[in-house]
Every structure is written in structure tokens, then in C-alpha cells.
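The values are calculated or read from the model by the stated rules, or taken from the named source; none is laboratory data. These numbers come from a predicted model, not from an experiment. So basically every Cβ, Gly included, is an ideal-geometry build from the backbone, and we count neighbours across all protein chains shown. Calculation scope for accessible area: heavy atoms of the full protein, side chains included, ligands and nucleic acids excluded. Shrake-Rupley method; radii C 1.70, N 1.55, O 1.52, S 1.80 Å.
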Amino acid sequence: MKRFLSFILSAVFFAAALTGCGGSDGGVQRYAWPLGTSSPEDTVTRLYAEKFADEVYELSGGSMKIQVYPNSTLGGDRELIECAQDGSIPFVVQNTAPQVSFIPELCVFDLPCVFSTIEETRETVDNPDFREKIDPLYEEAGLKLLGISDQGFRVMSTNKKIETLEDFKGQKIRTMENSFHLAFWKAINANPTPMTFSEVYIGLQQGTIDAQENPYEVIVSSKFYEQQDYVIETNHLPHLITLIVSEDFYNSLEPDQQAVIDEAAEIALVYSREQSDERIESKIQAIVDGGAEIVPVSEELRQEMIEASEPVYESIREIAGDELVNVYTGVSQD
């Protein structure tokens with residue numbers, strides 16, 4: 001299957017390049033490259049990818065073109081990373097969670113309840129000290145990190161009003177298949193269970209699961225709020241979105257082409273964050289209009305969640321290392 005997928009991707013890459021080369025405009029060399037994402041079309045992830053592609057085209061005067069393929073058209077998250085590594089496709093936009101299998105130290109992004117606001121998160125992932133430590137990890141995996149955007153925080157939807165740590169007990173909550181995510185929910189006494197995303201709505205409807213956790217945008221786009229009475233603002237993890245490129249591909253570009261890629265990535269990052277902030281407000285309103293209640297988490301409960309998560313922090317420190325964890329959490333290294 002992987003060999004077949006690689007063949008298809010190579011064909012896409014080759015065909016795109018052929019259609020973009022040469023032409024009747026004085027023999028100017030033109031290039032066209034695919035960008036893959038597993039996210040649906042109406043998401044910040046898609047907007048991030050499209051803005052990047054648009055800016056590359058504009059900044060290059062039309063000589064560089066990127067075609068965005070959403071909805072796992074070119075493969076799921078794992079296939080996309082593998083194909084970026086081997087150069088089958090150059091660009092990928094995706095959440096950090098599936099990248100942990102390829103770059104174990106990225107589990108630092110799975111540290112729960114680190115940030116109180118999304119602004120704090122953005123300051124951290126943009127911090128030169130943090131990028132100095134995280135960028136080489138991508139490079140060792142054959143990838144180059146062009147930017148880290150987000151869809152705000154991941155929150156919990158459920159039919160039980162959660163106001164104390166005890167209220168989490170027994171809640172059968174669907175999570176991504178990530179060991180640290182599972183460990184966090186177990187630490188606060190919930191009953192986490194991985195489930196294929198396409199089955200979550202039916203699972204909530206039939207009572208197979210009690211709850212799920214995702215950013216607001218996904219809760220609305222997938223209409224999970226139709227089956228839930230409450231959205232609990234656990235804000236346990238920022239939903240981070242990375243723009244990555246095959247390092248071999250990037251290094252093969254001319255310096256002026258690399259400059260276009262870098263500038264386009266910076267513009268797209270700012271744009272995607274602005275879109276995320278604007279869309280969150282409308283998504284919250286859609287949930288409220290649909291009859292569900294938004295429940296903020298008290299500072300007392302948040303502190304109890306952090307204390308209960310200490311074993312998760314220790315596990316992540318063992319893999320990511322003290323230096324990376326400290327710079328991500330803002331702990332002084334003096």
C-alpha cells in the first residue's frame with residue numbers, strides 16, 4: 001500500500017512540475033508542487049495551507065505554485081510525514097500529535113495545562129530559544145519546520161457538568177491514539193478510549209462514549225455539540241498545527257526560492273492565527289445557539305488537574321529532556 005501511495009504521489013509531483021514548466025512567457029522556468037493535509041476543507045489548517053500557497057505564488061511572481069490537497073487525498077497523517085521525509089511530496093500541514101511517532105521529543109507538546117492563554121502558547125513556540133531546540137529535531141527527521149500555528153485549545157464536550165476533579169471520574173472520553181493524552185485523562189480519573197474519528201458522532205449519539213475532546217472548530221464542524229449538553233473549557237492542550245517541508249527538497253531550491261518559501265510561511269502563520277481567533281468566537285456562538293452550555297474551569301480545578309498530571313510530566317521529561325521541557329514551560333534553567 002505504501003509503495004502504491006508513493007507511486008501515486010510521485011506521479012502527482014511529476015505531473016504538477018510538467019504542467020508548470022516553461023510556457024510561452026519567454027521561457028521562464030515555472031514550478032508546481034503538492035501540499036498534503038488530512039484536515040477537511042473548512043478548517044484553519046486548510047486556510048493556513050491555502051494562504052501559504054497563495055503567498056508563494058504572489059511572492060514568486062507566479063513562477064512557484066503549490067497545489068493544496070486536503071481531506072487526506074494524498075494519505076493520512078502518517079503517510080504524509082513519511083512521504084515528506086522521502087521527498088514524494090514537499091509540503092505538509094498537520095497537527096503535532098502524529099509527529100511524535102517520528103520525533104519522540106515532540107511529546108513536549110503533549111504536556112497538559114501548561115498555558116493559560118493561547119497568546120502565551122504562541123509566544124513560547126515563536127521564542128528563538130525554543131525554536132533553537134525544536135528545529136534540529138525536525139531536521140534530524142529529514143524535515144524543516146516553517147511555522148507553528150494553532151486552532152486554539154482543545155476542550156471537552158460531555159453531558160455532565162464538570163466543576164470538580166471528582167466530576168471527571170468515570171467519564172468515558174474519546175481521545176486521539178496518543179499515550180500521553182490517554183495518561184492525562186487517566187490521571188484526572190476519566191476513562192479515556194481511542195476511537196476512529198469518523199465514529200465519534202455515532203458513539204456520542206448511542207452512548208458508547210460519554211465525551212470527547214477537540215478544539216472548538218472541530219466540535220462545530222463535526223456537530224458533536226448536537227449530542228452534548230456541555231463544553232468544558234479544560235484548555236488542557238493547545239491544538240498546534242505545523243507547516244513542514246522536506247529538508248532535501250528545501251535545500252535543493254535556489255536561495256531566492258527559499259526566501260520566497262520563508263516569507264510566505266511567515267505571512268501565512270500570522271493570517272492563520274488571526275483566522276483561528278475570529279473563528280473561535282463564531283464557533284462558541286454556534287454551540288450556545290445549539291443549546292449547549294459553555295462551562296469555564298475554575299483556577300482551583302485547573303490547579304488540581306496540573307497536580308494530578310505530575311506523572312505525565314515526569315514521563316515526558318524522560319523522553320523530551322529537561323532542557324526542552326523547561327524552555328517550553330518557562331521554567332528557569334539557572
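Within region 85-108, the residues that satisfy the criterion of being touching a Leu at 6+ places or on another chain (Cβ under 6 Å) and either open to solvent by less than 40 Å² (accessible area, probe 1.4 Å) or within 23 Å of Gly36 (Cβ to Cβ) (or both) are Ser88, Ile89, Phe91, Val92, Val93, Thr96, Gln99, Val100, Ile103, Val108. Within region 58-68, if we keep just the residues that are in a strand (DSSP E or B) and touching a residue at least 40 places away in the same chain (Cβ under 8 Å), the residue that is nearest to the chain's Cα centre (by Cα) turns out to be Gln67. Restricting to region 183-199, and then to whatever is modelled with pLDDT of 95 or more and assigned to a helix (DSSP H, G or I), can you tell me which residue is most open to solvent (accessible area, probe 1.4 Å)? Only one residue tops the list, namely Lys186.
Residues in region 266-273 include none that are crowded, with 17+ Cβ neighbours inside 10 Å, within 26 Å of Asn178 (Cα to Cα) and among the β-branched types (Val, Ile, Thr). Looking across region 33-66, the residues that are closer than 18 Å to Pro90 by Cα and among the charged types (D, E, K, R) come down to Arg46, Glu50, Lys51, Asp54, Glu55, Lys65.
Considering region 73-122, and only residues there that are under 14 Å from the mean Cα position of the chain (by Cα) and hydroxyl-bearing (Ser, Thr, Tyr), the residue that is modelled with the highest pLDDT turns out to be Thr121.
Within region 146-169, the set of residues being open to solvent by 40 Å² or more (accessible area, probe 1.4 Å) and either of a type in the set (Asp, Glu) or in contact (Cβ under 8 Å) with a residue 40 or more places away in the chain (or both) comprises Asn159, Lys160, Lys161, Glu163, Thr164, Glu166. Summed over region 200-230, residues that are among the polar types (S, T, N, Q), open to solvent by less than 40 Å² (accessible area, probe 1.4 Å) and either outside any loop (DSSP other than H, G, I, E, B) or farther than 19 Å from Thr43 by Cβ (or both) total 3. Among residues belonging to region 274-308 that are assigned to a loop (DSSP other than H, G, I, E, B) and in contact with a helix residue (DSSP H, G or I) (Cβ under 7 Å, 6 or more places away or on another chain), point out the one that is surrounded by the most Cβ atoms within 10 Å (Cβ to Cβ). Selected residue: Ala292. Can you tell me how many residues within region 250-262 are under 23 Å from Leu47 (Cβ atoms) and either touching a Pro at 6+ places or on another chain (Cβ under 7 Å) or surrounded by fewer than 22 Cβ atoms within 10 Å (Cβ to Cβ) (or both)? Counting residues in region 250-262 that are under 23 Å from Leu47 (Cβ atoms) and either touching a Pro at 6+ places or on another chain (Cβ under 7 Å) or surrounded by fewer than 22 Cβ atoms within 10 Å (Cβ to Cβ) (or both) gives 3.
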